[in-house]
1. Where the centroid of each part is defined by its Cα atoms, how far is region 380-431 from region 1-40 in Å?
2. With each pseudo-label sitting 7 Å past Cα toward Cβ, what's the H127-D258 distance in nm, one decimal?
3. Which entries in the list K125/K228; K70/K170; K154/K228 go over 28 Å, if you measure between the two C-alpha atoms of each?
4. Here are a few candidate values for P(r) over Cα pairs in 20 Å bins from 0, in percent: [x] 22, 46, 23, 7, 2, 0; [y] 24, 60, 16, 0; [z] 18, 38, 28, 14, 2. Which one was actually calculated from the structure I just gave you?
5. Could you tell me the relative contact order of the chain? Use alpha-carbon pairs under 8 Å, at least six residues apart, and round to a whole percent.
6. Determine the gain in length on full extension of the stretch L42-E99; use 0.36 nm per residue of separation and subtract their C-alpha separation, reporting nm with one decimal.
7. For the residues H24, H323, what sequence is obtained by ranking on other C-beta atoms within 10 Å, fewest first?
8. In the structure displayed, which of K226/K443; K292/K315; K223/K404; K158/K188 lie more than 24 Å apart, Cα to Cα?
Amino acid sequence: MASLLQIEDELIGYMRQYAMELQHKVNTMRTFQEEWMTRRALGPADPTSYVANPLISFPLMRRTYTDVPKLLELAREEFKPGPFQKFIDYDLSSISDVELETAVTGMLRFQGVYGMDESEMANGKLHGKQYNSRMSAADCLAVATHLENVDKGKLACKWFKVAIDQYEEKLDPVNRLLQTGRSQIYEKLGLTLLAMHDLPASQAAFRDSIGWASKEDNTDLAKHLKDKLAHMFVHVDNCRGKNLLPSKSYLRCRYLRDGSPFLRMAPVKLEQLNIEPFVGLFHDAISPAEQKDLLHLTDSRLEHRKKDSSSVEAKVDTNASDHVRRIHQRIEDITGFDLEESEPLTVSNYGIGGQDFIHLDCEQPKEFIGYYPKEYRSASAMFYLSDVQMGGYASFPDLGFGFKPRRGSALVWHNTDNSGNCDTRSLQATCPVLLGNQWVAKKWISGSGQWRRKSCRK
């Protein structure tokens, strides 16, 4: 730890020299600004009258042709290689995340052993003794984030709230750089409460985050949070059965006969729920024997899903049985996609309270590399292997509807548009199971290998 103190002392020295050079440039700029504003205020407000006076127009011309180029040159001028270069090239290889994790873990350990209050700790009080020290909002946020990462959400929420209490207005520029402003703290608090399934508290935290984002002129974050909050409200209404399936004149229930020779002989019942993006419910899409086989194949291999102890799942290989091979062929027939490079079927069971919260199955690549990667999911198919007594609705928050699925049906939706972009309207969720349990089989259809079947990128 002593070496870290030495590093900080050296950086303070470099920052001081760097700041002095920056301040010199700022002072020069400010002097120019004040001088020009003073001259402008002395003349008439009307531009024509202003330039009519040669004692005013000549200095204006001189400033424009002589001062401005030098001022722009100063603005573009790089700093001297001394302190600035030492500062930006400082070697931080001796510092590792392990040391930070160890420090946080140790602090939380003695908090638990000695039963100390997090607010008192943040204000310098350890085991009844007051010290001349104080944790900043960024310090408390780091502790809370660590706790959230190790699935200790309840204690993390306490530290998030302490971070808000420790916030200092004078450090606004620092917090903007570190992204540790009040809006970001409330957002992380809301996400943690959401992971703990405390919907009312998470909504309140998101509202606070929106309020502070607006005050901080962080319009992008404010819009993002408003959309997230709106989706949460719609999702809750979907789960409560308030938003029924859309009844629009252009939506049809029909037999699907196109796409494969098999469908011409044995068409399937399609209830189209949305056109763009496509959302369709196929009735009687999986037989009781196929359902039973999937449950039998995964019976001894089910594992708990991460961060959700009320749900278990297991993957089923394509060649696990004749039934599974037929299911894969049926998915190709009804979707028109090639499944060769897609992930295996995943059989999941949602117990009491089990859910899939609002999410996208697609993730937009940072750049297009000429083909769809295997993990890029163009579409999703979900087979329902059981009925649920209460709860377990399928929800599409952005499209504004939800419904209670029936055993034997298959829900198919597209995650990308014809340009290959992730379609954010395809947000979907599974509502918590209230009574009974829900069995489903999911197939995520990769965008890779679809060039013969899906329209080209535009």
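Bear in mind these aren't lab numbers, they're just calculated from the coordinates by the rules spelled out. This structure is a prediction, so every number in the text was calculated from the model and none was measured. Neighbour counts are summed over all protein chains in view; Cβ atoms, including those assigned to glycine, are modelled from backbone coordinates with ideal geometry.
1. Between the Cα centre of region 380-431 and that of region 1-40, the gap is 55 Å.
2. 7.6
3. Working: K125/K228 38 Å; K70/K170 34 Å; K154/K228 22 Å.
As for pairs spanning more than 28 Å Cα to Cα, those are K125/K228; K70/K170.
4. Correct label, based on the coordinates given: [z].
5. Values: 674 pairs, mean separation 53.1, N = 458.
Relative CO of the chain lands at 12 percent.
6. Working: separation 57, 0.36 × 57 = 20.52 nm, distance 6.09 nm.
Full-extension gain reported as 14.4 nm.
7. On the way: H24 11, H323 19.
The fewest-first ordering by Cβ neighbours comes to H24, H323.
8. From K226/K443; K292/K315; K223/K404; K158/K188, over 24 Å: K226/K443; K223/K404.
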